[in-house]
Amino acid sequence: MLRITIISVIVAAVAGLCFSSCTTCARQDDEDLFNNMPEYDGELQVANEVVETMIRDIASPIEMAYLIKSIDVPFSRDYLASTKVSSTFITSSEQAFALGVYGTDLGYINMYEKTSSVLKYISVMKDLANEINIGQFFDFNTLKDLATNSENIDSLMYISQRSFTRMDEYLRESHRSKLSALMIAGVWIEGMNIVARVAQEKRTKEIGESIADQKIVLQRLLIVLKNYSKDPMIANMVDLLDDIALLYEDVKIVTIQGDPTVEEGEDGTLVVKYNDVTTINMSDETLDAIINKSIEVRNKLINVE
């Protein structure tokens, strides 16, 4: 299942609908918060813990690409945002969003070891990072050197992830968390686009579950983005994402908590295993609607007709 743990360049939280008196679930709290979010004026500084939790729940493009590759779906450049439209992102908000989009594409390219395409995306990301004054955290020269040799793919992914993480941390520390939230939004939107495009070509249980899992992730993302909805670009993004969230109302994900067990880990330490059982109820019609709407929203946001 597509589990999102981005530290990086490179966005499925399991949504829980708890229905028994003995079952409690943090994800139900998330849904309650989303449905009962108070109205307020102005922008609040988003706490680091909120952003970090959301980042942990947003699927890593590396993991996403691995899932796609594991079900024998071939690489396709058609899934990617064209580097030719990078100059259309003018404002700092648009540029931060585009960084997330191209970062996701870079993770997808890296996983398939398509090093011939890497340099274009690295170059575009460097330019975007410089535009919003975080280019000092983008190790362009090292990435450029690593990108010329497929044997360096692990190092390339590590340096890419480290650069993206440092940019995200700096934006939040310098009280520009709006731009950090937009990078995360770019990662999620482009990740959904790629998974949706794959689902159009090859429908599997894993792909369907990974899309259903995004219900709570999207709700968390919208909570953060709505904090900055005075920004016209974000207001438009929120309106478009609300259309996807509306479709997710027909997705029911039930998690029954099982009794935890203690096992010995590979390194000899004791680890706690949580034996939860999750059931997803989603019709094919709903899945199709989410897939089509996700692609449509992404294309609108990156200026694709």
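Values in this text are rule-based calculations from the coordinates and carry no lab data. Because the structure is predicted, anything quoted here is derived from the model rather than measured. Don't worry about glycine lacking a Cβ; one is built from the backbone with ideal geometry, like all the others, and counts go over all protein chains shown.
A few points about this structure:
- Hits in segment 239-288 (condition: polar (S, T, N, Q), within 24 Å of the chain's Cα centre (by Cα) and more than 17 Å from MET192 (Cβ to Cβ)): THR255, THR278, THR279, ASN281, SER283
- Flag if GLU206 is in a helix (DSSP H, G or I) and surrounded by fewer than 23 Cβ atoms within 10 Å (Cβ to Cβ): yes
- The set of residues in segment 94-116 that are touching a Lys or Arg at 6+ places or on another chain (Cβ under 7 Å) and assigned to a helix (DSSP H, G or I) contains only MET111.
- Flag if GLU296 is of a type outside the set (A, V, I, L, M, F, W, C) and within 27 Å of THR83 (Cβ to Cβ): yes
- Filtered residues of segment 289-298 (kept if under 22 Å from THR88 (Cβ atoms) and either within 16 Å of the chain's Cα centre (by Cα) or surrounded by 23 or more Cβ atoms within 10 Å (Cβ to Cβ) (or both)): SER294, ILE295, VAL297, ARG298
- Within segment 209-235, tally of residues that are of a type outside the set (Gly, Ala, Ser), outside any loop (DSSP other than H, G, I, E, B) and in contact with a helix residue (DSSP H, G or I) (Cβ under 8 Å, 6 or more places away or on another chain): 16
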